[in-house]
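The values are calculated or read from the model by the stated rules, or taken from the named source; none is laboratory data. Nothing here was measured: the structure is a model prediction, and the numbers come from that model. Cβ: placed from backbone, ideal geometry, glycine included. Neighbour counts: every protein chain shown. Surface areas here come from the heavy atoms of the whole protein model, side chains and all, with no ligands, DNA or RNA. Shrake-Rupley method; radii C 1.70, N 1.55, O 1.52, S 1.80 Å.
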Amino acid sequence: MLAEFFELVSIKCSTRDEREVADVVKAKLAALGCAVDEDDVGGRIGGNCGNVIAYLKGNVATAPVVMLSAHLDCVEPCAGIKPQLKDGVITSGGDTILGADDKSGVAGILEALSVVRETGAAHGDIQVVFTVAEEGGVNGSKNMDRGRLKADYGYVLDSGGAPGRIINAAPGQNSIKVVVRGKTAHAGVAPEEGVNAIVVAGKAMAELRQGRIDDETTANVGIIKGGQATNIVPDYVEIACEARSRNREKLAAQTKHMVDTFEQVAAANGAKAEVTVKTAYAPYVLTADMPVAALARQAAESIGLTPVFEATGGGSDANFFNAYGVPSAVLGTGMSKVHTTAEFIKEDDLYKTAELVVAIIKEAAKTPKP
């Protein structure tokens, strides 16, 4: 498994450029006895590769169909990764990311399928979904055909925290784009004739509730662009914001507050705010007694792990899988300091991730189909 993980992270896999690693995992899945397919999402999102979808027929007809998922892409810099193992910890050479986000999930799934095949373990049908373009907007799962999902329960291996960590709640996110329009004037000759769009935007942002709103709601202003020169009163500024919450009503309320604030402050200062809201993904909450969560807990306990249910403030492919009707939890793989050149994973956590996936498959085989 270590050799396979090293192989996978060594392949450049930028978002929307996952072709090479996809071809590698497709061959591996086929060698494990899976029927392998690829959807057309790549062409629809400007990428060179679609989501890889595989199906392994089970030997227990009464078991639920389990989906195992991870994403194929990585953040930059992901070219020329040189993984190394020292004192039980896997890192990169220090000038790239490692890629444990999310090759630890990919490797864990491949290893689990290999173990099940080699041992002849009892298992139900297994669907594997390796998504593309997860980084920067979960675009692979967002654009996939939900009809391709055949599972009763799903497990997305894409979180920090040691194996045994089970993410059972995640926020929805609204993307809020704002254009504030003012009026140009010469800043040195007749500034009073202008309406400074940047100043108006600043006044609006000063009134926004942002940052940590409560234990399940956050908001952030992330990007501001505007202005032409210091001697021109700017008439145009763009602002990119977001609101998140695990509670749909709170998400709607925070979004409305942000929209209203920009529109009202702009109007009060002789400007106009054009606000566009798009839903990035919906929230989900899985109670600990739901079958998908209970199965993960039982599997973790069966191999001596301590299951810990936690909510997160981040989104993942699981947001869309849940929205598509497949109850899906996110599992910790031990990845740490992701999206940085200091990223690492403990060798033992890599193996425990695969053990946990095997345990989930075995527990599912003893569980009646819903």
If you check every pair at least six apart or on different chains, which have Cβ atoms under 7 Å apart with a residue in the range 355-370 that is over 14 Å from GLY304 (Cβ atoms) first and a residue that is outside any helix (DSSP H, G or I) and among the polar types (S, T, N, Q) second? PRO368/THR62; LYS369/THR62
In the range 243-298, what residues are of a type in the set (D, E, K, R) and not in a strand (DSSP E or B)? ARG246, ARG248, GLU249, LYS250, LYS256, ASP260, GLU263, ASP289, ARG297
Report, by residue number, each residue of the range 28-43 that is over 19 Å from the mean Cα position of the chain (by Cα), part of a helix (DSSP H, G or I), in contact (Cβ under 8 Å) with a residue 40 or more places away in the chain and within 23 Å of GLY147 (Cα to Cα). LEU29
I want to confirm something. Restricting to the range 181-226 and keeping residues that are in a strand (DSSP E or B) and basic (Lys, Arg), which single residue is nearest to ALA271 (Cα to Cα)? ARG181
Within the range 189-208, can one find any residue that is among the polar types (S, T, N, Q) and in contact (Cβ under 8 Å) with a residue 40 or more places away in the chain? no
From the list GLU249, GLU216, which one is open to solvent by 40 Å² or more (accessible area, probe 1.4 Å) and in contact with a helix residue (DSSP H, G or I) (Cβ under 9 Å, 6 or more places away or on another chain)? GLU216
Taking SER328, is it of a type in the set (Gly, Ala, Ser) and in contact with a helix residue (DSSP H, G or I) (Cβ under 7 Å, 6 or more places away or on another chain)? yes
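To keep it simple, each residue is scored yes or no on (1) touching a helix residue (DSSP H, G or I) at 6+ places or on another chain (Cβ under 6 Å); (2) assigned to a loop (DSSP other than H, G, I, E, B); (3) closer than 25 Å to LYS346 by Cα; (4) touching a residue at least 60 places away in the same chain (Cβ under 8 Å).
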position	(1), (2), (3), (4)
ALA3	no, no, yes, no
ARG16	no, yes, no, yes
LYS26	no, no, no, no
GLY58	no, yes, no, yes
GLY80	no, yes, yes, yes
ASP102	no, no, yes, yes
Selection from the range 339-361 of residues that are open to solvent by less than 10 Å² (accessible area, probe 1.4 Å), outside any loop (DSSP other than H, G, I, E, B) and either touching a Gly at 6+ places or on another chain (Cβ under 6 Å) or under 13 Å from LYS103 (Cα atoms) (or both): ILE345, LEU350, THR353, ALA354, VAL357
Name the single residue, out of those in the range 150-180 being in a loop (DSSP other than H, G, I, E, B) and open to solvent by less than 20 Å² (accessible area, probe 1.4 Å), that is nearest to GLU216 (Cα to Cα). PRO171
Residue count, the range 264-293 (criterion: under 23 Å from the mean Cα position of the chain (by Cα), open to solvent by 20 Å² or more (accessible area, probe 1.4 Å) and farther than 23 Å from SER175 by Cβ): 4
Looking at the range 294-330, which of its residues are surrounded by fewer than 24 Cβ atoms within 10 Å (Cβ to Cβ), aliphatic (A, V, I, L, M) and within 19 Å of the chain's Cα centre (by Cα)? ALA311, ALA323, VAL326
Specify which of the listed residues (LEU56, LEU110, LEU72) is open to solvent by 10 Å² or more (accessible area, probe 1.4 Å), of a type outside the set (Ser, Thr, Tyr) and closer than 15 Å to LEU29 by Cβ. LEU56
